[in-house]
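K.L.:
Structure below; questions to follow.
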Amino acid sequence: MAHRFPEVPAECVDATVMLTVHMATRARVRAPELVGKGGWLNTGDQQYTLADLRGRIVVLDFWTFCCVNCLHVLDELRELEEKHRDTLVIIGVHSPKFVHEAEHQAVVDAVERYEVHHPVLDDPELATWKQYAVRAWPTLVVIDPEGYVVAQHAGEGHAHAIEKLVEELEAEHAAKGTLSRGDGPYVAPEPVATHLRFPGKALLLPDGGFLVSDTTRHRLVELGPDGETVRRHIGAGERGFADGGPDEARFSEPQGLAVLPDGRIAVADTVNHAVRALDLATGETTTLAGTGRQWWQGSPTSGPAREVDLSSPWDVAWFADRLWIAMAGVHQLWTYDPATQTVEVAAGTTNEGLVDGPADEAWFAQPSGLATSADGERLWVADSETSALRYVERDGDGFAVRTAVGTGLFDFGHRDGAAGQALFQHPLGVAALPDGSVAVCDTYNHALRRYDPGSGEVTTLATDLREPSDAVLVDGDLVVVESARHRLTRLRLPEEAVRVADRAHRTQRAATEIAPGTLRLDVVFQAPAGQKLDTRYGPSTRLLVSATPPDLLAEGAGPGSDLFRELVLADDVTEGVLHVSAMAASCDDTASDSGSAAGANEYPACHVHQQDWGVPVRVSAAGTARLPLVLAGMDEQR
């Protein structure tokens, strides 16, 4: 059974070009209506139109809950949302990538799981996505109190620019009498009493009990051997970053757990961008690695562990005499060395995709689950966004990355059989089994799968789970973290596989018709008001282009510092995906009248804006010869 998301019609693709032109010429663009078949969440069942929000500043956040960059933006917007609550309305427009994300209950769960405290429009058919000609997750669109689009930003790092714009819009529309103040449309859902709430990962303790990351409640929970009896809580249960005893320590959406050689438990404290350590005997939590700040391009990638920024560590495992960290936020694996108390990149380039080879050349896509094989020779990796099972193994004096199951960012489903044909859907967890095989928590298929390296076969062990995110082996059974059922579930490994009908899917969104020959790629970036590109130390922009299949591009692939590129398409490849990664660094413009580059302030605050696009393209004689992608653009004529 095949599934295809609705194609974006040509007029919507053209709308991106028109939006870019409008921004460049400062024309006013009326915001399209908000439409979503799934309806509204966090509004007390009230349905809204843009007319209902007239007089308020509106930020549309186009997101999907599988995307770690979207989760970063949710956190970036929290302070802005609170500070301007009486004038600003943030609306999440949930636009799914995976089939599971189009299920309404899955969106309801995600809104609670990630503490989204603003209205969310569930748009499973991408209707509003098309109307705004969005090309990437996440994308932010700012609408002024009169209903006009005034800015569009793709990717992360734009919260500071949006805050400045909001302040300008507040002043402008207060003066015009077109600004309304007061309570927004957000209505908090009723809380639900459960021992766990969207748990992430679990660890078997020496006495047979379990330690579980109670992710949405920002704490760890110790359970008895039955997986239900609560022994104690570790952490205050409120989002924060603090070391201390069980009642003082604070976490922010913790995930992975692993035992260190000294007996302490390493904790992937995901939204704090840190790795913590728990002493089970005393209940004390300390910080092993991370500063609490998110890593950005250009930041150090090695050094004293407490001085180097991390990015959304999702899982941890002990392998090859190091603690390995699944750094989902930058598509890499890092390591922590307890002997030297240092961290460094171990695998991955920060490019998102599926590329095998030497560790320093491999590409990952949100690695989210780790497990060391029973013989200690492999580190299994659940590479969630490529729906793949990967592994790391020694290769001479270094390491290499291989793929066992999976083909890329846009192919997924539920198919058993030979590894080359098998499909997963956004797996988040793995567990090594004694016979050398590996259990895979096939999260968005609600299934537990198994890959056998000996036979090269994938089978299904269990279905009817609910978003399984981790599993641990206990006396021959598997205890599975059913995240969306808020519990641990014990499963006896079956002697025979469960038979499941094949389901193959491919994400199809905004397939852009491009003309053969030369394609002009333009990443549109306009420094926010009060900022400018600072080139004192070299280029402040970066562009990386590649393609799937690689043969799609005859010329133009690779890195560069300009935000434009002439791409030459191959004559014999008619469709594929262009992968574009862009970064721009802008600094506060504090220049004096003398016009010096540094200005009056020698160290102005700088802000990094970055985004990855995967643009499906189809070569056609009627296609466009120019592909604009908006990293940041503003319409200043208000």
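K.L.:
Given the structure, is VAL221 surrounded by 14 or more Cβ atoms within 10 Å (Cβ to Cβ), among the β-branched types (Val, Ile, Thr), farther than 30 Å from GLN611 by Cα and not assigned by TED's automatic domain parsing to the domain that holds LEU80?
P.N.:
For VAL221, the condition - surrounded by 14 or more Cβ atoms within 10 Å (Cβ to Cβ), among the β-branched types (Val, Ile, Thr), farther than 30 Å from GLN611 by Cα and not assigned by TED's automatic domain parsing to the domain that holds LEU80 - is met.
K.L.:
Anything in the range 258-281 that is under 27 Å from the mean Cα position of the chain (by Cα), not aliphatic (A, V, I, L, M) and not in a strand (DSSP E or B)? List them, or say none.
P.N.:
Hits for the range 258-281 are THR270, ASN272, HIS273.
K.L.:
I'm told THR340 meets every condition in (1) surrounded by 19 or more Cβ atoms within 10 Å (Cβ to Cβ); (2) of a type in the set (Ser, Thr, Tyr); (3) free of Cβ contacts under 8 Å to residues at least 12 places away in the same chain except one. Can you identify the failing condition by its number?
P.N.:
All conditions pass for THR340, except number (1).
K.L.:
Right, something else. Residue check: is THR194 hydroxyl-bearing (Ser, Thr, Tyr), in contact with a strand residue (DSSP E or B) (Cβ under 9 Å, 6 or more places away or on another chain) and not in a strand (DSSP E or B)?
P.N.:
Criteria met by THR194.
K.L.:
Which of the residues that make up the range 356-401 are surrounded by fewer than 24 Cβ atoms within 10 Å (Cβ to Cβ), farther than 19 Å from GLY256 by Cα and not small (Gly, Ala, Ser)?
P.N.:
Residues satisfying the conditions are ASP356, PRO358, ASP360, GLU361, TRP363, ASP375, GLU377, GLU393, ARG394, ASP395, ASP397, PHE399.
K.L.:
Please pick out the residue among SER437, SER483 that is under 22 Å from GLN105 (Cα atoms), in the same structural domain as PRO367 (by TED's automatic domain parsing) and at pLDDT 95 or above.
P.N.:
When all the criteria are applied, what remains is SER483.
K.L.:
Something else now. Inside the range 201-215, can you point out the residues that are outside any loop (DSSP other than H, G, I, E, B) and within 12 Å of ASP269 (Cα to Cα)?
P.N.:
Scanning the range 201-215 gives SER213, ASP214, THR215.
K.L.:
Right, another one. Would you check which residues across the range 416-437 are over 25 Å from the mean Cα position of the chain (by Cα) and at negative phi and list them?
P.N.:
Across the range 416-437, the qualifying residues are ASP416, ALA418, ALA419, GLY420, GLN421, ALA432, LEU433, PRO434, ASP435, SER437.
K.L.:
For the range 181-211, enumerate the residues that are touching a residue at least 12 places away in the same chain (Cβ under 8 Å), out of contact with any Ser or Thr (no Cβ under 8 Å at 6 or more places or on another chain), more than 29 Å from VAL430 (Cα to Cα) and not hydrophobic (A, V, I, L, M, F, W, C).
P.N.:
GLY182, ASP183, GLY184, PRO189, listed by residue number.
K.L.:
Same structure, new question: Residues of the range 281-295 being touching a residue at least 40 places away in the same chain (Cβ under 8 Å), over 14 Å from GLU248 (Cα atoms) and crowded, with 19+ Cβ neighbours inside 10 Å, which ones?
P.N.:
LEU288, ALA289, GLN294, listed by residue number.
K.L.:
Tally time: how many residues in the range 468-503 are within 25 Å of VAL392 (Cα to Cα) and in contact with a helix residue (DSSP H, G or I) (Cβ under 7 Å, 6 or more places away or on another chain)?
P.N.:
Residues flagged as within 25 Å of VAL392 (Cα to Cα) and in contact with a helix residue (DSSP H, G or I) (Cβ under 7 Å, 6 or more places away or on another chain) within the range 468-503 amount to 2.
K.L.:
Let me ask something else. Yes or no: the range 67-87 includes at least one residue that is surrounded by fewer than 24 Cβ atoms within 10 Å (Cβ to Cβ), under 19 Å from the mean Cα position of the chain (by Cα), in a loop (DSSP other than H, G, I, E, B) and not aliphatic (A, V, I, L, M).
P.N.:
Within the range 67-87, one or more residues are surrounded by fewer than 24 Cβ atoms within 10 Å (Cβ to Cβ), under 19 Å from the mean Cα position of the chain (by Cα), in a loop (DSSP other than H, G, I, E, B) and not aliphatic (A, V, I, L, M).
K.L.:
Yes or no: the range 379-387 includes at least one residue that is without any contact (Cβ under 8 Å) to a residue 40 or more places away in the chain and in contact with a Leu (Cβ under 6 Å, 6 or more places away or on another chain).
P.N.:
Yes, the range 379-387 contains at least one residue that is without any contact (Cβ under 8 Å) to a residue 40 or more places away in the chain and in contact with a Leu (Cβ under 6 Å, 6 or more places away or on another chain).
K.L.:
Pairs under 8 Å by beta carbon, first residue among the basic types (Lys, Arg) in the range 47-76, partner in a strand (DSSP E or B), six or more apart or different chains?
P.N.:
Filtered contacts from the range 47-76: ARG56/LEU88; ARG56/VAL89.
K.L.:
Test ALA106 against the criterion of being crowded, with 18+ Cβ neighbours inside 10 Å, modelled with pLDDT of 95 or more and not β-branched (Val, Ile, Thr), and give yes or no.
P.N.:
The answer is yes for ALA106.
K.L.:
On to the next question. Do you know which of the residues in the range 531-557 that are modelled with pLDDT of 90 or more and assigned to a loop (DSSP other than H, G, I, E, B) is nearest to the chain's Cα centre (by Cα)?
P.N.:
Of everything passing the filter in the range 531-557, ALA557 is nearest to the chain's Cα centre (by Cα).
K.L.:
Sticking with this structure for a sec: Just one of LEU563, LEU533, LEU543 is closer than 26 Å to CYS587 by Cβ and in contact (Cβ under 8 Å) with a residue 60 or more places away in the chain; which is it?
P.N.:
LEU563
The values are calculated or read from the model by the stated rules, or taken from the named source; none is laboratory data. Treat the numbers as computed from the prediction; the structure is a model and nothing was measured. Note: ideal-geometry Cβ built from the backbone for every residue, glycine included; neighbour counts use all protein chains shown.
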